[in-house]
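The block underneath contains the structure these notes are about, expressed in structure tokens.
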Amino acid sequence: SMNNASALLQVQGLTFSHPGRPVCLDWSACVGAGATLVCGGESSGKTTLLRLLAAELPPSAGSLRLGQVALADAPQAYRRQVFWADPRSPAMDALIVRAWLQGLPAQYSEWNAPALATHLDGFDLHPHLDKGFYMLSTGTRRKVLMAAALASGAPLTLIDEPVAGLDRASIRYLCQALADTAQAPDRALVVAHYEALDGVPWRAVIELPELD
């Protein structure tokens, strides 16, 4: 188990419930550098957990600390260290892919432009850069979000259901890119998926209990 000194993200007693239905109760974890898999079935609350870690949803109890920053003390500073883009959210529909990508370096102090170029090639995204997000297929939208996530350099990088809608070549590229990015000593990649992806060196697997 990780000692707290080497944990990038420390979760203490995190509790959240939808009305009438607990999603996570008193959940604590230390998440270190590398790739961590959050797995569970369709309604196990994987996306909800990512949204809690991203500070997009307020927990009903518990605390989150990322590096030296406690969410409760400095919510803006906490969020600046997190990359999260919800692939199911319609919020980005009206944006043009290229314009959205061009706005990201200002938000992420460790943004890696060469990495973005590599991922745009690897995911074959050049034909889609001048489209609106509303025009993209499920798979293409996820590829854009993952290219940005991997290039963000964010200490906490959250990726939801990465292979939804992806073709085999893109899945192969994704696994290679995750494996490469997981070697960074100062980044925690937290990936929600119902099973482990081949060739990704998972440092930890968090199993969410099945909820009715």
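The values are calculated or read from the model by the stated rules, or taken from the named source; none is laboratory data. Please read all numbers here as calculations on a predicted model, not as lab measurements. Here the Cβ positions follow ideal geometry from the backbone for every residue, glycine too, while neighbour counts run over all protein chains shown. Surface accessibility is based on the protein's heavy atoms, side chains included, excluding ligands, DNA and RNA. Shrake-Rupley method; radii C 1.70, N 1.55, O 1.52, S 1.80 Å.
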Looking at ALA115 and the list (1) closer than 16 Å to MET146 by Cα; (2) assigned to a helix (DSSP H, G or I); (3) within 15 Å of the chain's Cα centre (by Cα); (4) among the hydrophobic types (A, V, I, L, M, F, W, C), which single condition is not satisfied? (3)
Could you please give the count of residues in segment 195-212 that are surrounded by 14 or more Cβ atoms within 10 Å (Cβ to Cβ) and part of a loop (DSSP other than H, G, I, E, B)? 4
Selection within segment 152-161 - open to solvent by less than 10 Å² (accessible area, probe 1.4 Å) and part of a loop (DSSP other than H, G, I, E, B): SER152, ALA154
For a quick check of your reading of the model, give me the residue pairs whose first member lies in segment 32-47 and is under 17 Å from ALA154 (Cα atoms) and open to solvent by less than 20 Å² (accessible area, probe 1.4 Å), whose second is at pLDDT 90 or above and in a helix (DSSP H, G or I), with beta-carbon atoms closer than 7 Å and at least 6 apart or on different chains. ALA35/LEU178
Say we look at segment 63-109 and pick out the residues that are acidic (Asp, Glu) and under 23 Å from ARG141 (Cα atoms); which of these is modelled with the highest pLDDT? ASP93
What are the residues in segment 77-88 that are part of a loop (DSSP other than H, G, I, E, B) and within 15 Å of THR47 (Cα to Cα), if any? TRP84, ALA85, ASP86, PRO87, ARG88
Among the residues listed as ALA169, ALA164, ALA177, ALA91, the single one being open to solvent by less than 20 Å² (accessible area, probe 1.4 Å) and either touching a residue at least 40 places away in the same chain (Cβ under 8 Å) or assigned to a helix (DSSP H, G or I) (or both): ALA177
Taking segment 130-144 as the region of interest, how many residues are open to solvent by 10 Å² or more (accessible area, probe 1.4 Å) and either aliphatic (A, V, I, L, M) or outside any loop (DSSP other than H, G, I, E, B) (or both)? 8
Of the residues in segment 8-28 that are surrounded by fewer than 20 Cβ atoms within 10 Å (Cβ to Cβ) and either under 18 Å from the mean Cα position of the chain (by Cα) or acidic (Asp, Glu) (or both), the one that is nearest to LEU174 (Cα to Cα) is GLN10
